[in-house]
Amino acid sequence: MTAHGFQRVDFLTTLRRVAEGLPDDTPTPFVLVTPAPGSSEEPDLGAWDLGGGSADASQLQEPAPEAVAGLRTDSGGTTGDGGDNSRDVLTVAFTTSGSTGMPKLAAHGEADTIHHMQSAAAQVGFRPGDLMVEPLPYSGVFGYVAGMVALFGGAGVLIQPVFEPEVLLRAWAAERGTHYVGGDDMLARLREVWASSREDLSSWRWTGIGDFQGMSEEIAAWAAAEFGTRSVGVYGSSEVFALTSFWTLDGDVEPRVGGGGHLVADDYAYRIADPATEEEMPDGERGELQLRGRNVVTSYLGDAGEGKKAFSDDGWFRTGDLAEAVDGQTYAYICRIGDVLRLKGFMVDPAEIEMHLATHPEVIIAKVVGRADAAGETEAVAFVVTTPGATVTSEGLQAYTKAELARYKVPSEVRIVEDMPTTAGTNGRKIRTVTLREWANEPVAEGAGS
């Protein structure tokens, strides 16, 4: 059984349940679908019929007991020793390699899923008539959660079978879309097309943005300047749901467009722990973000025990992400722990170097990885995509970092490349740091360029 099969059944089934269960004075949720590629129909196709023609929930068969690796014991799920304390039917699963690096399906129970959607919807704060624009695939956790959160908030959802920016922008303007959740890569493509089409997106009020390409700040600034849109950074994964936290606009903490934010439910908890000892870090120090609550994966399907490695001995989910505490329910995501560079004894977030390089007027995007030098110590190597016709050299960019950054943060080498290696996923395109590390260890002529 594929993850897509799970979500196809659950998404349509839950749509009907939402439509049937809302109070009489609540607007009926609806889904608008843009035309399939090659269609001559106008983009405003009207409401999806939630009452029929969709998949039968009976098609979702319960997995065999031996295929379920029991993990959670706090609310539903199964115990770690295989004993069953389930109060919740598994209803959705997302593909993930998670913090163990092994491919598997992260499954969540129905009651936990509904709890998360209701909690996140309350934090977003939808109004009557709102419309979520969500072109991400519903086989991925961000597309699925964003769409469901909107429906549980009484809003509609505009979806698209295949991402076509021109068609989506026309539908967005025609249907007066108010909300959007997605990565900065997809938003960058929409911005590029909008520069020519100039569709009226003045209805766009709120965006939850994933910083996949390091462009969140400039995308947020563009949306604010052109449409008055407020953008906030979001955090989530297949194991803990998308939108498990995001920066709120009306809280005591200044909202940010980086990952992290305020946990959407009071019964969700986090801690910042030493990844080696599991001990909680003192206030102000960075460590691994660990989560506990009903948002955390109930079971891994088709897993031979690897999933248990993602949990601490006392039951906290190890995200594999570096973060720092802001307050009791709010944290700031820094980067993946595997991306942290130890340079001259200092723990350095490569994003700090990347963001500085990106301020150069001839740099479009920068990515920094580590490699071992002749003495076996880690050194930083930067890969940069420059603007068309740029005259800046690798040496010039290295000098640019020396002028502002601490000496140990200056890349030992800067390579100018035509494009970043990327991989397409259900949540958007991501830069392949594994490939960049391979390039960093190859001679320039055989690798990424110079």
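Just so it is clear, none of the values below were taken in a lab; they were calculated from the coordinates. What you are looking at is a predicted structure, and each value in this text was computed from that prediction instead of being measured. Positions of Cβ are backbone-derived with ideal geometry, glycine not excepted, and every protein chain shown enters the neighbour counts.
Tabulated data for the structure shown
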read-out: In segment 357-409, the trypsin sites (Lys or Arg not before Pro) that fall in loop regions by DSSP, at most 11 other Cβ within 10 Å; value: none
read-out: Backbone HN-Hα couplings from phi across segment 161-172 [Karplus 6.51/-1.76/1.60, Hz, Gly and Pro as x]; value: x, 9, 5, 10, x, 4, 5, 4, 5, 5, 5, 4
read-out: Potential lengthening between Lys309 and Glu218 on full extension [0.36 nm per residue; Cα-Cα distance subtracted]; value: 29.0 nm
read-out: Cleavage-rule hits, GluC sites (Glu not before Pro), segment 244-326, DSSP coil, Cβ neighbours within 10 Å at most 12; value: Glu279, Glu285
read-out: Two-site label geometry, Asp250 and Thr359: point separation in nm, points 7 Å out along Cα→Cβ; value: 3.5
read-out: In segment 295-358, the trypsin sites (Lys or Arg not before Pro) that fall in loop regions by DSSP, at most 14 other Cβ within 10 Å; value: Lys344
read-out: Förster-model FRET efficiency, 60 Å R0, Val89 and Glu438, C-beta, rounded to 0.05; value: 0.85
read-out: Spacing of the two label points (7 Å from each Cα toward its C-beta) at Ser196 and Glu418, in nm; value: 2.1
